[in-house]
Structure formats: structure tokens, C-alpha cells
1. Taking the range 114-137 on its own, how many of its residues are free of Cβ contacts under 8 Å to residues at least 60 places away in the same chain and within 25 Å of the chain's Cα centre (by Cα)?
2. Just for the range 113-141: of the residues that are of a type in the set (K, R) and buried (at least 16 other Cβ atoms within 10 Å of the Cβ), which one is modelled with the highest pLDDT?
3. When you scan the range 87-104, do you find a residue that is among the hydrophobic types (A, V, I, L, M, F, W, C) and closer than 30 Å to H26 by Cα, even just one?
4. With respect to V29, is the statement that it is touching a residue at least 40 places away in the same chain (Cβ under 8 Å), among the aliphatic types (A, V, I, L, M) and surrounded by 14 or more Cβ atoms within 10 Å (Cβ to Cβ) true?
5. Within the range 91-112, can you find the residues that are outside any helix (DSSP H, G or I), in contact with a strand residue (DSSP E or B) (Cβ under 8 Å, 6 or more places away or on another chain), surrounded by fewer than 17 Cβ atoms within 10 Å (Cβ to Cβ) and of a type outside the set (S, T, Y)?
6. State the number of residues belonging to the range 44-90 that are of a type outside the set (D, E), touching a residue at least 40 places away in the same chain (Cβ under 8 Å) and not in a strand (DSSP E or B).
7. Condition check: among the polar types (S, T, N, Q), at pLDDT below 85 and over 26 Å from G100 (Cα atoms). Does S167 satisfy that?
8. Can you tell me which residue within the range 129-146, out of those that are assigned to a strand (DSSP E or B) and out of contact with any Phe, Trp or Tyr (no Cβ under 9 Å at 6 or more places or on another chain), is farthest from D65 (Cα to Cα)?
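The values are calculated or read from the model by the stated rules, or taken from the named source; none is laboratory data. None of the values given here were measured: they were computed from a predicted structure. Backbone-built Cβ (ideal geometry, glycine too); neighbour counts: all protein chains shown.
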Amino acid sequence: MLVKWCRCKLTAQNDVSISEKKTSDHKYVSFVVKKEPWNKYKLEDKSILKTKFILINVTMTKSLDEVSEEWEKNKKPVEIGMGIQSTTVVGVEVPTELRGTPTPIIEELRSSIIEEDLDFETLNGEYWNEYQLENRIKLKVKNTLINVAKSSKFDSMGAPIYLVDGSVSIKASLPKSTKGKFVLKKA
């Protein structure tokens with residue numbers, strides 16, 4: 001399982017800038033999953049590829065109370081760093097004629113590509129996942145499929161193994177009580 005961390009900075013304009021650095025000064029923030037749907041794609045070989053972005057942890061450098069206190073003291077916008085830990089689950093429904101003998105050990109998967117850059121069609125849209133953080137910040141995250149390659153290897157069910165590349169878009173909605181208390185800082 002691949003677990004990723006990204007560090008974000010929130011701003012007054014609700015913009016999010018992202019860097020791939022971990023920071024040790026972050027505190028964990030609880031959240032509730034409001035929506036975490038599957039995205040589905042029909043590949044040119046007739047397989048159905050399914051992806052799901054899963055949020056694991058959220059961290060922040062400051063609580064909204066700390067931001068309010070700092071803003072009241074200095075009357076200047078305050079920067080907040082946010083960390084997001086996530087993974088993307090990928091599954092595939094494969095037609096019978098594409099199945100093969102499971103490959104017991106997968107080494108050099110990239111070198112076993114037999115079809116690069118498969119065309120695909122989005123079947124159900126690419127949905128925004130929605131999360132409500134304990135501090136009233138709302139996060140929206142969208143996982144977008146970019147590239148799919150098919151290998152000559154097969155999983156334990158005999159399905160071809162696909163390599164999937166995607167990107168994640170993040171939007172944050174801050175509580176109205178924080179309006180004007182944040183500043184845009186590029187990560």
C-alpha cells in the first residue's frame with residue numbers, strides 16, 4: 001500500500017498550495033468522511049478500472065483558536081500549514097478472455113509493460129470526496145486519472161496488473177469566522 005503525505009498552506013482566498021515535505025510541528029485533526037465514492041473508467045481493452053482516494057490523516061500547524069489569538073494580537077493574516085496523508089485504492093474488473101496465470105513474484109513491473117497509455121472513458125464522473133474537519137474546515141479532494149499502462153503480469157485472481165497514474169486536487173473551505181485572518185503563501 002502506498003501512503004502519501006503532502007503539506008498544504010491555507011489562505012484567506014481558500015487557495016491551497018502544496019509541497020511534498022513532512023513537518024514535525026503538525027498536530028492531528030479529527031475528521032468525518034462525508035463522501036468517498038469510487039471513480040470508474042472503461043479501458044480500451046474493455047476492463048473496468050475503479051479508483052478510490054482515501055484520506056487517512058490530517059494535520060495542522062495551528063488550531064483555529066491559535067490563529068484567532070494570533071490575529072487578535074497582531075492584526076495580521078496568519079499562515080496555517082496542513083498535512084494530508086492518503087492512499088488511492090485501485091481495482092479492476094477484467095473480461096474472462098484477458099485473464100492469465102497469476103504471477104507469483106512481481107519484479108520490475110515497469111519493464112513488463114505490454115501496452116502503454118491505454119485510452120479510457122470516465123464512466124461515472126470523477127467525484128469530489130468531502131471531509132468535515134473537527135475545526136469546521138471543509139476539505140474537498142478529487143482524484144483524477146492521468147495514465148493507465150497494462151503489464152504482462154497477473155494478480156492472484158488472474159487479472160492483468162495495470163499501472164495507474166493520477167493526480168489529486170484539494171479545495172479547503174474555511175469557517176466564515178476566519179475571513180481575512182489568513183495570507184497567501186506559496187509553498
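1. 2
2. That would be K140.
3. Checked against the condition, which is being among the hydrophobic types (A, V, I, L, M, F, W, C) and closer than 30 Å to H26 by Cα, the range 87-104 yields at least one hit.
4. Taking the combined requirement at face value, the residue satisfies it.
5. Result: G91, E93, R99, G100, P102, I106.
6. 9
7. On the way: among the polar types (S, T, N, Q): yes; at pLDDT below 85: no; over 26 Å from G100 (Cα atoms): yes.
Against the criterion (among the polar types (S, T, N, Q), at pLDDT below 85 and over 26 Å from G100 (Cα atoms)), S167 does not qualify.
8. Step one: list which residues in the range 129-146 are assigned to a strand (DSSP E or B), which gives 129-133, 138-146.
This time we only want the ones that are out of contact with any Phe, Trp or Tyr (no Cβ under 9 Å at 6 or more places or on another chain), so: 130, 144, 146.
Values: E130: 23, T144: 34, I146: 39 Å.
Taking the candidates together, the pick is I146.
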